[in-house]
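> Take a look at this one; I'll ask things after.
The values are calculated or read from the model by the stated rules, or taken from the named source; none is laboratory data. Everything quoted here is computed from the prediction, not taken from an experiment. Here the Cβ positions follow ideal geometry from the backbone for every residue, glycine too, while neighbour counts run over all protein chains shown. The accessibility values were calculated without ligands, DNA or RNA, using every heavy atom of the protein model including side chains. Shrake-Rupley method; radii C 1.70, N 1.55, O 1.52, S 1.80 Å.
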Amino acid sequence: PVLLAQKLAQVQPERAGVVDLYSIEFAPYADEDVFLREVTMVSKVMRSRFDSADRDIQLINHANTLQQWPWATPMNLQRSIADIAQKMNPQEDILFLHLTSHGAKNGRLAASFWPMDVEDLTPALLKSWLQQAGVKYSVISISACYSGSWLKPLADENTLVMSAADSEHTSYGCGSQSELTFFGRAMYDEQLRTKTLSFESAHAAARKIIQQREIEAGKDDGYSNPQISVGAAIRQPLAQLAARLKSMH
């Protein structure tokens, strides 16, 4: 709780007339290093490309980050959303969330941090916290197997939701030998880091890249089929953000 309070205190308030992007990266599964690497990489991309350096927090379950970042528990995520929402202007700012873990067909995002028991995260919980906090515009990215099941509960006109798979298929690259997940690498490390500032364009390009790599890797249970839902009302603030960032870059 002390570390969480310290990190949240460092998050800067919104700037009037500026579309600010606030980012939270959430990795609740301590047993695989790939999730730690993924949130670290995604945070760097958000900071360097989306100007979230003073508006970013990582929640991680991993032995190596105990002194550096707060635990990735549902309670800490709820507190982070509530605290950051107080610093945002809901009429212009965007909250970006990247969740990475193992996923189940029932829509639960797996959590582990021995010897602690950590509750799994569900889309219904996340949706309720965003509503309670008064977050209007959000971009939610779920890098997990079967994560397409998150789209329907989270989608609305003010939200962009994207997943690493549909609700029937596994995603790829979340094993102990993986450097990054296939979704994280294609979407963030390759597309958003250098090629585009559009989440929609990055996702469209990543879908094709991921399909090719899954074939090459011998994925035998079908194409992961990453999904996206873009609310009509979030396109304008995202376009304003991209225009501002282009002038900076």
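> Take every Cα-Cα distance within region 6-145, group them into 10 Å bins from 0 onward, and report for each bin the whole-number percent of pairs it holds.
12, 46, 34, 8, 0
> Report ³J(HN,Hα) in whole Hz for each residue of region 61-69, in order, from the Karplus equation J = 6.51 cos²θ - 1.76 cosθ + 1.60 where θ = phi - 60°; Gly and Pro get x.
9, 6, 4, 6, 10, 4, 8, 9, 9
> Kindly identify region 1-85 as rounded, prolate or oblate by the Cα gyration tensor criterion: order the square roots of the eigenvalues as a ≥ b ≥ c, call it rounded if a/c is under 1.5, otherwise compare a/b with b/c, prolate if a/b is larger, else oblate.
Note, shape of region 1-85 comes out oblate.
> Please state the relative contact order of region 1-151 as a whole percent: Cα pairs under 8 Å, 6+ residues apart? Intermediate results must be reported in sequence, preceding the final value.
On the way: 279 pairs, mean separation 43.4, N = 151.
In percent, rounded to a whole number, it is 29.
> While we're looking at this one, here's another question. What does the net charge come to around Ser224 if you take all other residues with beta carbon closer than 11 Å to its beta carbon, with K and R at +1 and D and E at -1?
-1
> Sticking with this structure for a sec: Can you give the charge dipole size of region 4-85 about its Cα centre, rounded to the nearest 20 debye, using +1 on the beta carbon of Lys and Arg and -1 on the beta carbon of Asp and Glu? Write down the numbers at each step before the final one.
Values: 8 positive and 11 negative charges, 37 e Å.
Charge dipole, region 4-85, about its Cα centre: 180 debye, nearest 20.
> A further question on this structure: Would you mind finding the longest exposed-site-free stretch of the chain, with exposed GluC sites (Glu not before Pro) meaning DSSP loop and at most 14 other Cβ atoms within 10 Å?
1-118
> Still on this structure: Between Leu3 and Ala204, what is the FRET efficiency for a Förster distance of 35 Å, r being their Cβ-Cβ separation, to the nearest 0.05?
It comes out at approximately 0.40.
> Each residue of region 217-233 in turn: what ³J(HN,Hα) in whole Hz from Karplus with 6.51, -1.76, 1.60 and θ = phi - 60°, glycine and Pro shown as x?
Ordered by residue, 3J(HN,Hα) equals 7, x, 4, 10, 10, x, 4, 4, 6, x, 10, 8, 10, 10, x, 4, 7 Hz.
> For Arg235, what accessible surface area do you get with a 1.4 Å probe? Give it in Å², rounded to 10.
110
> Between Val18 and Ser247, how many nm apart are label points set 7 Å from Cα along the C-beta direction?
Once both label points are built, they end up 1.1 nm from each other.
> Set Lys and Arg Cβ to +1 and Asp and Glu Cβ to -1, take the dipole of region 129-249 about its Cα centre, and tell me which of Gly134, Ser163, Ile210 lies farthest positive.
Of Gly134, Ser163, Ile210, it is Gly134.
> While we're looking at this one, here's another question. List the aspartates and glutamates whose Cα lies under 12 Å from the Cα of Lys105, skipping any in the same chain that are fewer than 8 positions away.
Here the aspartates and glutamates satisfying the reach criterion relative to Lys105 are Asp166, Glu168.
> With a 1.4 Å probe and all protein chains left in place, how much accessible area per residue does the chain have, in Å²?
Each residue of the chain exposes 43 Å² on average to a 1.4 Å probe.
> Charges only on Cβ, +1 for Lys and Arg, -1 for Asp and Glu: so what's the dipole of region 150-226 about the Cα centre, in debye to the nearest 20?
Numbers: 8 positive and 12 negative charges, 49 e Å.
About 240 debye.
> For the pair Asp221 and Thr196, how long in nm is the line joining their label points, each one 7 Å along Cα→Cβ?
The answer from the label model is 2.8 nm.
> Next question. Once the convex hull of the alpha carbons of region 157-228 is built, what does its volume come to per residue, in cubic angstrom? Before the final figure, lay out each step's value.
Working: hull volume 6.8 nm³, N = 72.
In region 157-228, the Cα hull volume divided by residue count equals 94 Å³.
> Another question about this same structure. Using 1/(1 + (r/R0)^6) with R0 = 22 angstrom and r between the beta carbons of Gln132 and Lys87, what's the FRET efficiency to the nearest 0.05?
0.90
> Starting from the Cα of Asp31, step 7 Å toward the Cβ, then list every residue of region 114-157 with an amide N under 11 Å from that point.
Hits in region 114-157 for Asp31 at 11 Å: 114.
> What are the residues whose amide H is under 5 Å from the amide H of Ser52, where those residues sit 5 or more places off or on another chain and H is modelled from the backbone?
Those qualifying (amide H under 5 Å, at least 5 residues apart or on another chain) are Arg47.
> Report, ordered by chain and residue number, the lysines lying within cross-link reach of Lys7, taken as a straight Cα distance under 18 Å and ignoring same-chain residues fewer than 8 apart.
Lys44, Lys87
> Would you please classify the overall shape of region 115-249 from the alpha carbon gyration tensor, given that a ≥ b ≥ c denote the square roots of the eigenvalues, rounded means a/c under 1.5, and beyond that prolate means a/b larger than b/c while oblate covers the rest?
Since a/c reaches 1.5 but b/c is at least a/b, the shape of region 115-249 is classed as oblate.
> Taking +1 at the Cβ of each Lys and Arg and -1 at the Cβ of each Asp and Glu, which of His102, Pro13, Trp150 sits farthest along the dipole of the chain towards its positive end, judged by Cα position relative to the Cα centre?
Value: Pro13.
> What percentage of the solvent-accessible surface of the chain, computed with a 1.4 Å probe over protein heavy atoms, is contributed by carbon and sulfur atoms?
Ligands and nucleic acids excluded, carbon and sulfur give 49 percent.
> About its Cα centre, what dipole magnitude does the chain give when the only charges are +1 on Lys and Arg Cβ and -1 on Asp and Glu Cβ, stated in debye to the nearest 20?
It comes to approximately 660 debye.
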